[in-house]
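The values are calculated or read from the model by the stated rules, or taken from the named source; none is laboratory data. Keep in mind the model is a prediction, meaning the values are calculated, not measured. Virtual Cβ from ideal backbone geometry, glycine too; neighbours counted across all protein chains shown.
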Amino acid sequence: MARDSGLPYGCGVRAAQEAIVILGSGMSGGVAARTLREEGYDGRLVLIGHEPTPPFGRPPLSKTYLRGEETLSGWLVNQDGWYDSNHVDRVTATATRIEIQGHRVELSSGRPVPYGKLLIATGGENRHLDIPGADLRGVFQLRTVADCDAIKKAAHRGARALVVGMGFIGSEVAASLTQMGLAVTGVLPGASPLESVLGPEMGELMAGIHHDAGVELMTGDEVVRFEGAKRVERATTRKGRRLTCDLAVVAVGIRPTIDVLQDTGVEVDNGVLVDAMCRTNVPGVFAAGDVANHLHPLFGRIRVEHYNNAEKQGAAAARSMLGSDAAYGYVHTFWSDQYEHKLEYVGHVRKWDRFIVRGSPKDRKIVGFYLTDGGLRAAVGLDRGGDPELDEQDELAAASRLIAKRARPDPAALADETVDLQGL
Ligand SMILES: Cc1cc2nc3c(=O)[nH]c(=O)nc-3n(C[C@H](O)[C@H](O)[C@H](O)COP(=O)(O)OP(=O)(O)OC[C@H]3O[C@@H](n4cnc5c(N)ncnc54)[C@H](O)[C@@H]3O)c2cc1C
């Protein structure tokens, strides 16, 4: 049962000293709790989070749940009743401070929660636009169920919606609102949606998909002001465009939630710095998920803001907390659904020098390979290649194995449809 009730969170001093506390009850925190129990940890286990919802996957918030096609029940990390039957104390509260010397997390009520080991799984929070009118009614953000419900309420068929930022969340929201019958305009600083992550070739394909669906894209521009009497009615852009709208969704990225770590000595730099075992510089304190800037055996230091990482790193951190010294070397994957199209991605790369295409850009069915100095670092599939997690024969699963091997495949073979990637 969710609660923020009396001390002690433990049956005695010893239990409290040995307790594992998970701060943040999102995907990572929920999976960590489950893994700890599955791996046989039977001590005190406390899961603290300030959202009223139990740990769940956020992907449907920009897709099926937003469009009213699905409830969240299939996305719960652990089913109703699991927390009680597994003696996990789910505490709905905000943690305001961590006292490292005293081994305590302090809640906003002032109540301390003692820990023996602590997992930081505080995820990320939306970046806000610091511009006039950003707090007008009708200007939304999207991270939580409450955010999504508010957008849903405002998103009437025929309404004009402005989406600010066309990264993954912005692109998915633009697609969903279009499918819901709204007229959507996207404003983005770059030349095309997702260009900064996937490159200009993929960006152009995604722009074409949005264009064909009726989304108007204002590229190379940014919103500098929202205006309206009681709620948002229009936005002005840096290029001087005036865009009328009934609602706006601001999707300009997230920042890792690290405020609670101030003055703790836990090292932060674009998130919580952890090693390959999810350990911070402070003994007994670990981190996982969107907040964790981890040292990856293949990719170096990276922070990943995707579901599969949150899930797998939550589990890895839990095992590390129980003494495992296995490095977390997951070859990262993520997906995005927009309209009837599916993007799948494996690996990780920020800068590449070659992008090799297999398939037909005209038909919008391709696998793209990102190479750096001849080494395959990442691959993306647009409506081609299934879930690399589920199908070992899949092209992206083959790419994932090549990435893990630090392979330097022949670019011509990558591009050639007749060459079986499994054989490379
Ligand atoms: C709308 C949306 C759609 C997405 N779709 C996809 C997708 O299609 N594919 C994909 O790969 N990824 C997707 N993602 C990304 C994915 O959801 C995240 O990577 C994942 O949620 C990260 O999980 P987490 O547990 O690390 O962090 P979070 O989900 O952010 O959870 C952290 C929790 O900690 C709580 N918390 C933080 N600080 C405190 C505190 N001081 N006290 C108490 N509680 C605190 C927060 O309230 C939150 O509940 C999507 C994200 C969003 C928002």
- Task: Return the total of residues in segment 27-53 being within 10 Å of the ligand (Cβ to nearest atom) and assigned to a loop (DSSP other than H, G, I, E, B).
- Result: 4
- Task: Examine segment 65-84 for a residue that is near the ligand (Cβ under 9 Å from one of its atoms), in a helix (DSSP H, G or I) and touching a residue at least 12 places away in the same chain (Cβ under 8 Å), and state whether such a residue exists.
- Result: no
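Residue-wise test of (1) over 28 Å from the mean Cα position of the chain (by Cα); (2) surrounded by 14 or more Cβ atoms within 10 Å (Cβ to Cβ); (3) at pLDDT below 95.
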{"site": "ASN78", "(1), (2), (3)": "no, yes, no"}
{"site": "ASP89", "(1), (2), (3)": "no, yes, no"}
{"site": "ARG111", "(1), (2), (3)": "yes, yes, yes"}
{"site": "PRO114", "(1), (2), (3)": "yes, yes, no"}
- Task: Return a yes/no flag: does segment 312-327 have any residue that is in a strand (DSSP E or B) and either out of contact with any Asp or Glu (no Cβ under 7 Å at 6 or more places or on another chain) or without any contact (Cβ under 8 Å) to a residue 12 or more places away in the chain (or both).
- Result: no
- Here, strands (runs of 3 or more DSSP E) confined to segment 96-141 with at least 2 residues that are over 22 Å from PHE168 (Cα atoms) are 104-107, 112-114, 117-120
- With segment 142-249 as the region, which helices (runs of 4 or more DSSP H) entirely inside it contain at least 1 residues that are under 19 Å from the mean Cα position of the chain (by Cα)? 145-154, 168-179, 195-198
- Given the conditions (1) surrounded by fewer than 18 Cβ atoms within 10 Å (Cβ to Cβ); (2) within 16 Å of the ligand (Cβ to nearest atom), every one holds for ALA292 apart from (1)
- Query: Does ARG279 satisfy being among the basic types (Lys, Arg) and outside the structural domain of ARG160 (by TED's automatic domain parsing)?
  - Reply: yes
- Just to be sure, is VAL163 under 19 Å from HIS128 (Cα atoms) and outside the structural domain of TRP352 (by TED's automatic domain parsing)? yes
- Message: Given the criteria under 21 Å from the mean Cα position of the chain (by Cα) and either in the same structural domain as VAL346 (by TED's automatic domain parsing) or in a loop (DSSP other than H, G, I, E, B) (or both), does LEU273 qualify?
- Response: no
- Message: Anything in segment 213-265 that is within 30 Å of GLU106 (Cβ to Cβ) and crowded, with 16+ Cβ neighbours inside 10 Å? List them, or say none.
- Response: ILE254, PRO256, THR257, ILE258, VAL260, LEU261, THR264
- Query: Only one of these conditions is not met by MET1: (1) modelled with pLDDT under 95; (2) within 13 Å of the ligand (Cβ to nearest atom). Which number is it?
  - Reply: (2)
- Message: Within segment 295-311, take every residue that is away from the ligand (no atom under 13 Å from the Cβ) and outside any strand (DSSP E or B) and give me the one that is surrounded by the most Cβ atoms within 10 Å (Cβ to Cβ).
- Response: PHE299
- Note on the structure: Of the residues in segment 392-415, those that are at pLDDT 95 or above and not in a helix (DSSP H, G or I) number 6
- Does PHE286 satisfy the condition of being among the aromatic types (Phe, Trp, Tyr) and either over 19 Å from PRO55 (Cα atoms) or within 12 Å of the ligand (Cβ to nearest atom) (or both)? no
- Message: Testing GLU389 on (1) modelled with pLDDT under 95; (2) surrounded by fewer than 16 Cβ atoms within 10 Å (Cβ to Cβ); (3) not basic (Lys, Arg), one condition comes back false. Which one is that?
- Response: (2)
- Mind listing whichever residues of segment 250-270 are farther than 15 Å from VAL163 by Cα and not in a loop (DSSP other than H, G, I, E, B)? ILE254, ARG255, PRO256, ASP259, VAL260, LEU261, VAL268
- Do we have any residue at all in segment 308-326 that's out of contact with any Phe, Trp or Tyr (no Cβ under 8 Å at 6 or more places or on another chain), of a type outside the set (Lys, Arg) and over 29 Å from ARG37 (Cβ atoms)? no
- Filter segment 338-351 down to the residues that are surrounded by fewer than 17 Cβ atoms within 10 Å (Cβ to Cβ) and in a strand (DSSP E or B), then identify the one that is farthest from the ligand (Cβ to nearest atom). HIS341
- Identify the residue in segment 187-205 that is free of Cβ contacts under 8 Å to residues at least 40 places away in the same chain and farther than 13 Å from PHE168 by Cβ and, among all such residues, is surrounded by the most Cβ atoms within 10 Å (Cβ to Cβ). SER192
